[in-house]
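All remarks here apply to the structure that follows.
The values are calculated or read from the model by the stated rules, or taken from the named source; none is laboratory data. If you're wondering where the values come from, they're calculated on a predicted model, not measured in any experiment. As a convention, Cβ positions derive from the backbone with ideal geometry for all residues, glycine included, and neighbour counts pool all protein chains shown. We work out accessible area using only protein heavy atoms, side chains counted, and drop any ligands, DNA or RNA first. Shrake-Rupley method; radii C 1.70, N 1.55, O 1.52, S 1.80 Å.
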Amino acid sequence: MRHSIADIAAALGLVAEGDISLTVAGIAEPASAGPDQLALAMRPDYADALGQGQARAAMLWEGADWRSYGLEAAILSKRPRYAMANLSALMDRGQGYGSGVHPTALIDPAAALGEGVSVGPYTIVAAGVRIGAGSVIGPQCHIGWDVVLGDGAQLHAGVRIGARVRIGARFIAQPGAVIGADGFSFVTPEVSGVERARDSLGSTGTETAQSWSRIHSLGAVAIGDDVELGANSCIDRGSVRDTTVGDGCKFDNLVQIGHNVVIGRDCLICAQVGVAGSTVIGDNVVLGGQTGVSDNLRIGNNVITGGGTKVLSSIPAGRVMLGYPAVRMETHIESYKALRRLPRLLRDLAKTQKSVSKPDESD
Amino acid sequence: MRHSIADIAAALGLVAEGDISLTVAGIAEPASAGPDQLALAMRPDYADALGQGQARAAMLWEGADWRSYGLEAAILSKRPRYAMANLSALMDRGQGYGSGVHPTALIDPAAALGEGVSVGPYTIVAAGVRIGAGSVIGPQCHIGWDVVLGDGAQLHAGVRIGARVRIGARFIAQPGAVIGADGFSFVTPEVSGVERARDSLGSTGTETAQSWSRIHSLGAVAIGDDVELGANSCIDRGSVRDTTVGDGCKFDNLVQIGHNVVIGRDCLICAQVGVAGSTVIGDNVVLGGQTGVSDNLRIGNNVITGGGTKVLSSIPAGRVMLGYPAVRMETHIESYKALRRLPRLLRDLAKTQKSVSKPDESD
Amino acid sequence: MRHSIADIAAALGLVAEGDISLTVAGIAEPASAGPDQLALAMRPDYADALGQGQARAAMLWEGADWRSYGLEAAILSKRPRYAMANLSALMDRGQGYGSGVHPTALIDPAAALGEGVSVGPYTIVAAGVRIGAGSVIGPQCHIGWDVVLGDGAQLHAGVRIGARVRIGARFIAQPGAVIGADGFSFVTPEVSGVERARDSLGSTGTETAQSWSRIHSLGAVAIGDDVELGANSCIDRGSVRDTTVGDGCKFDNLVQIGHNVVIGRDCLICAQVGVAGSTVIGDNVVLGGQTGVSDNLRIGNNVITGGGTKVLSSIPAGRVMLGYPAVRMETHIESYKALRRLPRLLRDLAKTQKSVSKPDESD
């Protein structure tokens, strides 16, 4: 499917210049763009590569001198990265799951599907499920007992949603995502070594062997609108109340959200992050890849953690954190610069002590 | 389904006081409990929130003055956290998978199902499989060739068990768990840079490009009784012998257990933990979330690691460890306190050296 | 199935000595080997355990005095670890998936299957898919629209491949692996706190709440020959161009490869590694378990990272790295030795300052 430069600019609410009747069949990076592709050059240093490709049109920043790159047409944007969101939606050819309910899909008679819902092959929809209008349920999914899924959901292949989970509108789940597995909650008949180690910060006392008894997860998961969950990511059900996720949160792949966790709105949770049980996270929080957050903590609004940060205590709002244990990013950078100088310092100090002690010897 | 306070207390072996004929339909946290829910208030600070809710009955600690909270009945426990295990089992409404073998389940004629086994839709049970009595095999699972599964197993949606894996009684696996994938074992024709770096602790020598040859995993996985495996977690098969897991071990979500690993009994392995090949772990070990354990190590009984610990060498029994590289928790705390003071120390030392060297200048 | 020592040696291109007509039914470790198993004793310290088992034949290192261990026959190898690769392939009994296309497999009429391709039950092959000769597609897989899969592929249960992904010959994917999920790419209407924190290394400025808009992933994934992907691992599709993986790369379980990442040839990516978007990795790189690599970095050829390494900046070719943030392994070891001495140093320094300042007092 081809789009004219004029049509693309109109769809994105942007200004087009030059031969706006020119059409393109897709988008590409500047150096590899063919003559029927719109090149994306968000910044001057990207635009320099336009000469290596064959693009006749490009999306550039506001005020770009697009003619100087040999282009015939251009779409100009104040924030091209943001314009990319709409442009990419326009160009997405999707996964081609097909429409309607596939004959092999098993829909319980006591489930209610909204208008225009499609369900892929070998997917199972249990009793009491309600799925909102326009949802695309991919192949080989399992939607458990009494689950509520809002309008416009997109579940990719093999998504599993456990009983009684409630999810808002426009939910997207990548393949293999699991919402509503049981929480990881176990208890020993007597006080355990873990409980003692927590109290003493290190000592377990005399340990006697004990087996773990399972605390069943009676809560479910409650998820707001416009949430996206990555491939093979997991959000566990709560013990008594629900695990909850606010509107607009986005989770990357292989993320783990423990039981009873509460997450505010518009958070960005990057790949392989783990948040342990009962931790409360504010709004607009960004957790970098492989961040770990211990249980029962409070993470304030707008907190940002760098990749690999291990959060062992609560964080006030607005902080940017890094390291293990997590400290303010500036503190981390200063400490690690000092740590690298430490071996030399130890050698210097040995000399200093010698020079200080020598006079004493001559006393 | 409603339960009287008397019946709940009897089922848990606990003492009930007040109007024990009062019935409840579920459990709740103190602040959000309705009039027909049993509130859970394990500690006095939780009980203070009873006033915000409408609970008429609660489970409290032994000796609690329950009437002072305006309750009509109470169940009292010496260790309410442990009582919660039985209470939650009593109240769990489950996933509603249905009974019997679903007509779409593909059971090989050479598989043997025990009494009362249920198998969900689109599940595959291969030749030679034996499944113990009373097991609930969820939808869309795959149970490979010659697998043995003990009595009372519960497999949730999409669990995959590879050929020849043997598992004891009462196994629980959350959605997407994989038992018996191939181990990650590769070898180069000549000694590789990794082997040289291990020997030299850092230098790889002159590297020539080599491709990796696959070592097939001929072993399987052997798992004891009462083991639970979290969503999307993986336990790989052994190279020659089996990877083995003892009775009573519990694994959270997204855990990775490498080939040939041996784990003792009653271990608690938290989310996103990774244990590399051939490591041996004792009994009653607790590995905190995102802990990593290198290959070929020995972890003694009762060892506990804090969240994010990276274990690069063996650990004697009973230690509580933290950090990267893992050290005793006390050592870690002391070192990191010192590290934060280090930048200031460097500045102080510069001054000290100045004051020491000044007299020398006047020599 | 039994193999004679002579046949095994011939298949591996190795020398056999002693009673080479002796047959074995499998392989085992020295201490647990039965009389009809070939023991594997790659090094003298392993061979010492032969006396505890009942092996009559073993595979040993070149020049081993095999008769001294009471063996009747031996296969000798200059590099027994490498010989193990071929031996294990010979002995592997596999997963027994069965041949042919299962009647429940849904193959779109517009898909093309090569000669001898088998497809397991409940697997879905979409329109436009091409699968190379001799491939074994396991049960419950999903192969999306226009995917190309080379000859001799082996997909285990529940593998998901998204639309337009292209993969070379001899691809192996363990259960639950996901190739071609959408990349994790979001943008806010105005400059976000994350962007500001990156520019300032720590300060987010005044934060105003913003929601995230999705950038659709228009690229796919392009994978070379002889690649293996572990259980529940994920390789995301690119934003505009493809995410690419070179020939011979091996990925362990629960690995995350972000959008636009480029990986060279013959890399070994261990379990739970995460590589963030747009990072470029060279050839023959080895990333140890739980390594994290930030986005937009360059990792040179032959780089090796130890377990748990967090790479926050680019690495030149040939380096062996460890730690968080990643530094050369030697630097890391030296720094951490110094860190452990730091608390004592602080005490010593306090004394030194005292002894230096005392004379001043007497001035």
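Taking only alpha carbon atoms, the range A:24-147 gives an Rg to Rh ratio of 1.26, where Rh is the Kirkwood radius. Backbone phi angles across the range A:241-256, fed through the Karplus curve with coefficients 6.51, -1.76 and 1.60 (θ = phi - 60°), yield HN-Hα couplings of 8, 7, 6, 10, 10, x, 4, x, 6, 10, 10, 7, 6, 6, 8, 10 Hz in residue order; Gly and Pro are listed as x. Per residue, the protein assembly as shown exposes 37 Å² of solvent-accessible protein surface, assessed with a 1.4 angstrom probe and all protein chains in place. Only Lys, Arg, Asp and Glu carry charge here, each on its Cβ (+1 for the first two, -1 for the last two); on that basis chain A has a dipole of about 780 debye about its Cα centre. In the range C:110-212, what percent of the accessible surface is made up of carbon and sulfur (1.4 Å probe, ligands and nucleic acids excluded)? Result for the range C:110-212: 53 percent of the exposed heavy-atom area is carbon or sulfur. For the segment A:99-108, counting C-beta atoms of other chains within 10 Å of every residue's C-beta and taking the mean gives 2. Here the relative contact order of the range C:3-91, from alpha carbon pairs under 8 Å that lie six or more residues apart, stands at 28 percent.
How large is the helix-only mean residue ellipticity at 222 nm for chain B, computed as the sum of -39500 (n - 2.57) over DSSP H runs with n ≥ 4, divided by its residue count, in deg cm²/dmol to the nearest 500?
Computed mean residue ellipticity for chain B: -5500 deg cm²/dmol.
Averaged over the residues of A:322-332, the number of partner chain Cβ atoms lying within 10 Å of the residue Cβ comes to 5. Considering only Cα atoms, the convex hull volume of the range B:85-163 works out to 87 Å³ per residue. Sorting C:126-138, C:240-252 by their mean Cβ neighbour count within 10 Å, with the most densely packed peptide first, gives C:240-252, C:126-138.
Evaluated on the protein assembly as shown, the Kirkwood hydrodynamic radius is 31.0 Å, with distances taken between all distinct Cα atoms. Collect residues whose amide H, placed 1.01 Å from N in the peptide plane, falls under 5 Å from the amide H of C:ILE304; neighbours closer than 5 in sequence don't count. Amide H neighbours of C:ILE304, under 5 Å, 5+ apart: C:VAL286, C:ARG319, C:VAL320, C:MET321. With θ taken as phi - 60° and the Karplus curve 6.51 cos²θ - 1.76 cosθ + 1.60 applied, the whole-hertz 3J(HN,Hα) list for the range C:228-240 is 10, 10, x, 4, 6, 7, 9, 10, 7, 6, x, 6, 10 Hz, x standing for glycine and proline.
Per residue of peptide C:338-350, the mean number of Cβ atoms on other chains within 10 Å of the residue Cβ is 6.
Label the range C:3-91 by shape, choosing from rounded, prolate and oblate, from the square roots a ≥ b ≥ c of the eigenvalues of the Cα gyration tensor; if a/c is under 1.5 it is rounded, and otherwise prolate applies when a/b is larger than b/c, oblate when it is not. It is rounded, given that a/c, with a ≥ b ≥ c, falls under 1.5.
Nothing charged except the Cβ atoms of Lys and Arg (+1) and of Asp and Glu (-1): what's the magnitude of the dipole of the range A:3-91 about its Cα centre? Round to the nearest 20 debye.
Dipole of the range A:3-91, to the nearest 20 debye: 240 debye.
Just name one of C:SER294, C:SER239, B:PRO316: the one whose Cα is farthest towards the positive end of the charge dipole of the protein assembly as shown (beta-carbon charges, Lys/Arg +1, Asp/Glu -1). Ranked along the dipole, the leading option is B:PRO316. Among the protein heavy atoms of the range C:3-91, carbon and sulfur supply 47% of the accessible surface, probe 1.4 Å, non-protein parts ignored. Charging the Cβ of each Asp and Glu at -1 and of each Lys and Arg at +1, and nothing else, the dipole of the range C:205-272 about its Cα centre rounds to 280 debye.
Ignoring any ligand, DNA or RNA, what whole percent of the accessible area of the range B:225-347 comes from carbon and sulfur when the probe is 1.4 angstrom? Its accessible area is 47 percent carbon and sulfur atoms. If you take the square roots of the eigenvalues of the alpha-carbon gyration tensor of the range C:160-245 and sort them as a ≥ b ≥ c, do you get rounded (a/c under 1.5), prolate (a/b over b/c) or oblate? Verdict is prolate for the range C:160-245. For the range C:202-297, place one equal point scatterer on every Cα, skip the solvent, and apply the Debye formula. What is log10 of I(q)/I(0) at q = 0.12 Å⁻¹? Log-scaled intensity ratios, in q order: -0.40. Residue pairs exceeding 29 angstrom between C-alpha atoms, taken from A:LYS351/C:LYS337; B:LYS78/B:LYS310; A:LYS78/A:LYS250; B:LYS78/B:LYS337; C:LYS250/C:LYS337; A:LYS250/A:LYS310: B:LYS78/B:LYS310; B:LYS78/B:LYS337; C:LYS250/C:LYS337. Taking amide H positions as modeled 1.01 Å from N, with prolines and chain starts lacking one, the residues under 5 Å from C:LEU229 and 5 or more places away or on another chain are C:ILE172, C:ALA173, C:GLN174, C:PHE251. Across chain A, C-alpha contacts under 8 Å between residues 6 or more apart give a mean separation that, scaled by the residue count, equals a relative contact order of 6 percent. Per the accessible-area calculation with a 1.4 Å probe, the total area buried between chain A and chain B rounds to 6100 Å². Under the shape rule built on the C-alpha gyration tensor, where the axes satisfy a ≥ b ≥ c, chain B is oblate, since a/c reaches at least 1.5 while a/b does not exceed b/c. Taking amide H as placed 1.01 Å from N in the peptide plane, C:ILE299 has its amide H under 5 Å from the amide H of C:VAL280, C:ILE281, C:GLY282, C:ILE315, each at least 5 places away in sequence or on another chain.
Using alpha-carbon pairs under 8 Å, 6+ residues apart, how would you state the relative contact order of the range A:142-288 in percent? Result for the range A:142-288 is 18 percent. Our coupling estimate for the range A:35-52, obtained by passing each phi through the Karplus curve with A = 6.51, B = -1.76, C = 1.60 and θ = phi - 60°, is x, 10, 10, 7, 7, 10, 9, 6, 9, x, 5, 6, 5, 4, 7, 4, x, 7 Hz, Gly and Pro reported as x.
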